[in-house]
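None of the figures in this text is laboratory data; all of them are computed from the coordinates on show. Since this is a predicted model, take the numbers as computed values, not measurements. Here the Cβ positions follow ideal geometry from the backbone for every residue, glycine too, while neighbour counts run over all protein chains shown.
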């Protein structure tokens, strides 16, 4: 997030696109609802009629995968109506004229045709976003999990820069992150292209810096493989061994059937986790890890806030914190630089090599929380990004062209399947499926189907159906609802009994490598 | 914003314009008893417990909803105010059951604190009204509206703070009662089971369902004398040591700070921490009710396992770590990959990527940011 969670309450207009935040980040959902109760306007753009819609001034129910058209259409309206922030564009941005030209392709008629949203509604929503400042834009996986997810994100940034809604209270481009420390894992360089603090591995000087800091030679300078690429490389026999910490790819990855075969090809798989997961049958060594409740350290939340936490209970059996296990393996491989005896010592090293975490020290975190960038111990942290300038200097307007989902419905697979998340479960269910009460409220997978489609298929509520895509088939009960429009069906991915990712399309965004979980073509068979 | 000067119980107080008399008194260290007031809510002024005398004002205005004014003279502890409070509290207590000793809120009940502060005797008489049935709050909490004092905090927090509006005030047999529209189950009226209502309730009307250990103990108690099980368990609970510890919720990216109540090394309850900078006293059903059971699940991995003759067998840390170190040493950098986790701490992710880069000499390290 460029801004803070609390800051959402300062907005006059909130545009929530591709995020069902009341179910996925309920406390942020609460902030949005409260902002509306206090007089803010809300625009919801989502293929599904999510709970936030009942609080919205405008609801734009666009077809899955048509976000670029919708956002560029809104930008076009704002420019045509002369509502763009000339001063901000002039002083803070570049490439506006090129961007403006790319808007020519997005007439309201075209946008309305592609998205399925009434043209007047798009026009009004665009005017509302541009005129009720400050405007905050929120998005989540509904924007990123597409083959053109990077372009979707650029489209949100274009819209915010166009209206000067960046770098001030109540504004911003605010991606809402789904996992408690997904921000921190990225910040710490658990990514194939960067060291901690987004320092590029291809940069020779930065490699030298880390070689000196870590006391090693020849750090690899080639960008490594992303998760989807790793599975391709395992399949082709290139990758032979995997060290897997706290992940459950046998439920979360796209095209699961294929993945199971892939795992069997590994010569050596180490799994380090708190529970036996669906990936375990392929493991050669399994290492029991301590859960968050049994260790200390820091997590970084979606607003870049670093918080220290202490253990609350002892770990069960012989389970150990992940850092201890990894250090032990490293030491037994003869490596130096892994003699840490506490998380504090690790954080001290992070402070030294990560400029944005330079001032986020153990001592300060015992008293307070800090938002990065925080380069020195006298720096107060940064609640709002880009207040004076963008990270790269000027904000670059990116001209965009329309791209839809890679797999469109056809005669054989006439429905679009989009995936969603339930309030009552989390990710692959490793944690929440262990909780009796949550399973009582929601214990199995549903396929949400529009009443008209259900009538066409002769389905009643609760009928078991087979959902079939080009990659596989799963069974689940039908839930007949008009939450999504005709032709669109929805499933979660919390239930390994109905593993929806057997169906999803592994086609991914060329830059971010995020798979297209939000749209693939399926057919529904009655059983 | 301008400052306003006023006198409370003879003490000069200066506060920003728009402050309520209650807040101003709080800042001056003067306690005014309250019941329907809650720091997360707009004042409603309906219980009258916080009544004070203000010179030039008619009657006894509610301090929680009266803004300060320049030169105002407030008295919070006169005979008239004390009498009024006692009468008001007696009225509130008239149909409140006298069952404190068996109540799950016993000794952490705001009503008990109020009785002690305001100074009234509560006669122990059998309740004459017929009892309502105790209702479920889904699988997570219980709703015993016999203990409700109609302060409205639950209804207001669900509406005002959570923006959900699952529960409402309605008239039942001529009395105001809290419930759901048409008495439908909470599951059907949009309840998110965040338990903000439970945490806002000053009495035992809304409480968490009994934790696991109590369910077992209860079975034993019931086999002796079920009539006094509630009392025995409530007394036993009070003498068990309970620690409160603070940590961060492991679910989504909001980073809610939670207070963990721990007994004998087991998390028995988690509640949102009002001082959490990201959540400010809020949480959701997963953080509130979805942590203890997975942390203490019997399915947790407790021992290292190693594959021998095709099946995973228990082993020592030493053997497991040696095997991993020996095997991983065999591969070239482009033959290995490391998958880290968005559930691990910053320190762990740091160590894991350092291991991949400095020891295995590969940049093929990634995690599930994309999923």
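Given N residues in region A:78-157, what is its alpha carbon radius of gyration divided by 2.2 N^0.38 Å?
1.18
Can you give the helix-only mean residue ellipticity at 222 nm for chain B, where every DSSP H stretch with n ≥ 4 adds -39500 (n - 2.57) and the sum goes over all residues, rounded to the nearest 500 deg cm²/dmol?
-7000 deg cm²/dmol
Could you tell me how far the Cα centroid of region A:301-340 sits from the Cα centroid of region B:51-100, in Å?
55
Would you mind pulling out the separation of the Cα centroids of region B:17-43 and region A:186-259, in Å?
The distance from the Cα centre of region B:17-43 to that of region A:186-259 comes to 55 Å.
Once Rh is set to the Kirkwood radius over Cα pairs, what Stokes-Einstein translational diffusion coefficient, in µm²/s, holds for the protein assembly as shown at a temperature of 25 °C and a viscosity of 0.890 mPa s?
For the chosen part, D equals 83 µm²/s.
By how many degrees, 0 to 90 and rounded to 10, does the Cα axis of helix B:229-239 deviate from the longest principal axis of chain B?
Computed tilt is about 70 degrees.
Rounded to a whole number, what is D in µm²/s for chain B from Stokes-Einstein with the Kirkwood radius over alpha-carbon pairs (4 °C, 1.567 mPa s)?
Rounded, D is 52 µm²/s.
Could you sort the peptides A:116-125, A:149-158 by per-residue average Cβ neighbour count (10 Å cutoff), highest mean leading? Could you put the intermediate results ahead of the total?
Numbers: A:116-125: 18.0, A:149-158: 22.4.
Ranked by mean Cβ neighbours within 10 Å, highest first: A:149-158, A:116-125.
If you build a Gaussian network model of chain B, linking Cα atoms that sit under 10 Å apart, which residue out of B:346, B:106, B:46 swings the most?
Maximum among the listed residues: B:346.
What percent antiparallel are the DSSP beta bridges of chain A, to the nearest 5?
40
Relative contact order, percent, of region A:415-526 when contacts are C-alpha pairs under 8 Å separated by at least 6 residues?
Relative contact order of region A:415-526: 37 percent.
Would you tell me the mean number of C-beta atoms belonging to other protein chains that fall within 10 Å of each C-beta in A:437-449, as a whole number?
3
So how much slack lies between residue B:176 and residue B:83, counting 0.36 nm per residue of separation and subtracting their Cα-Cα distance, in nm?
Working it through step by step, the gained length comes to 31.0 nm.
In degrees between 0 and 90, to the nearest 10, how far off the longest principal axis of chain B does helix B:317-329 point, with axes built from Cα atoms?
60
As I understand it, the value is the acute angle between the Cα axis of helix B:79-93 and the longest principal axis of the Cα atoms of chain B; what does it come to in degrees, rounded to 10?
It works out to around 60 degrees.
In deg cm²/dmol and to the nearest 500, what is the mean residue ellipticity at 222 nm of chain A if only DSSP H runs of at least 4 residues count, each as -39500 (n - 2.57), divided by the residue total?
-8500 deg cm²/dmol
Taking every residue in A:34-40, how many Cβ atoms of other protein chains lie within 10 Å of its Cβ, on average?
2
With each pseudo-label sitting 7 Å past Cα toward Cβ, what's the residue B:42-residue A:339 distance in nm, one decimal?
So the label points at residue B:42 and residue A:339 sit 6.3 nm apart.
If neighbour count is taken as other Cβ atoms inside 10 Å, put B:172, A:182, B:164 in order from fewest to most.
B:172, B:164, A:182
Put a dot 7 Å past each Cα toward the Cβ at residue A:127 and residue B:5; how far apart are the dots in nm?
5.2
Report the Rg/Rh value for region B:1-133, based on alpha-carbon coordinates and the Kirkwood definition of Rh.
1.04
How do the peptides B:187-200, A:310-323, B:67-80 rank, highest first, by the average count of neighbouring beta carbon atoms within 10 Å per residue?
Going from most to least packed, we get B:187-200, A:310-323, B:67-80.
Can you check how the C-alpha radius of gyration of region B:166-234 compares to 2.2 N^0.38 Å, as a plain ratio?
On the way: Rg = 16.0 Å, N = 69, 2.2 N^0.38 = 11.0 Å.
After normalising by residue count via 2.2 N^0.38 Å, the value is 1.45.
Looking only at B:333, B:202, B:139, which one moves most when chain B is put into a Gaussian network model with springs between Cα atoms under 10 Å?
For chain B, modelled as a Gaussian network with Cα springs under 10 Å, the answer is B:333.
Could you give the distance between the Cα centres of region A:344-379 and region A:484-527, to the whole Å?
Between the Cα centre of region A:344-379 and that of region A:484-527, the gap is 40 Å.
Going by how many other Cβ atoms sit within 10 Å of their own, how do B:284, B:225 line up, fewest first? Walk me through the intermediate numbers first.
Numbers: B:284 32, B:225 10.
With the sparsest Cβ surroundings first, the list reads B:225, B:284.
Taking a ≥ b ≥ c as the square roots of the Cα gyration tensor eigenvalues, with a/c under 1.5 meaning rounded and otherwise prolate when a/b beats b/c, else oblate, which class fits region A:182-371?
Since a/c reaches 1.5 but b/c is at least a/b, the shape of region A:182-371 is classed as oblate.
On the first, second and third principal axes, largest extent first, how far apart are the outermost C-alpha atoms of region B:121-209 in Å?
Principal-axis extents of region B:121-209 (Cα, largest first): 39, 25, 24 Å.
For peptide A:332-344, compute the average count of partner chain beta-carbon atoms within 10 Å of each residue's beta-carbon.
4
State the antiparallel share, in %, of DSSP beta bridges confined to region B:10-143, rounding to the nearest 5. Could the numbers behind the result be given before it?
Working: 7 of 8 bridges.
Antiparallel: roughly 90 percent of the beta bridges in region B:10-143.
Using alpha-carbon pairs under 8 Å, 6+ residues apart, how would you state the relative contact order of chain B in percent?
Normalised by residue count, the contact order of chain B is 10 percent.
Between residue A:457 and residue A:202, 0.36 nm times their residue separation minus their Cα-Cα distance comes to what?
Separation in residues times 0.36 nm, less the Cα-Cα distance, equals 86.4 nm.
Quick check: from the Cα gyration tensor, does region A:1-135 come out rounded (a/c under 1.5), prolate or oblate?
Verdict is oblate for region A:1-135.
Of B:268, B:115, B:339, which has the largest mean-square fluctuation in a 10 Å C-alpha GNM of chain B?
B:339
In whole percent, what relative contact order does region B:285-371 give with Cα contacts below 8 Å and a gap of six or more residues?
Working: 63 pairs, mean separation 18.0, N = 87.
Once divided by the residue count of region B:285-371, the mean separation gives 21 percent.
Can you tell me which of A:211-220, B:318-327, A:442-451, A:488-497 comes out highest on packing, and rank the rest after it, using the mean Cβ neighbours within 10 Å? Each step should come with its number before you reach the end.
On the way: A:211-220: 14.0, B:318-327: 17.6, A:442-451: 19.5, A:488-497: 21.6.
Averaged packing, sorted descending, gives the order A:488-497, A:442-451, B:318-327, A:211-220.
Of A:60, A:385, how do they rank once you tally other Cβ atoms within 10 Å and put the fewest first? Can you show the working numbers first?
Details: A:60 24, A:385 18.
With the fewest neighbours first, A:60, A:385 line up as A:385, A:60.
Working from the pairwise distances between different alpha carbons, so that the mean of 1/r is found and then inverted, what is region A:453-527's Kirkwood radius in Å?
About 13.3 Å for region A:453-527.
Take the Cα atoms of chain A, build their convex hull, and give its volume per residue in Å³. All intermediate terms of the calculation are to be shown ahead of the outcome.
Details: hull volume 86.3 nm³, N = 527.
In chain A, the Cα hull volume divided by residue count equals 164 Å³.
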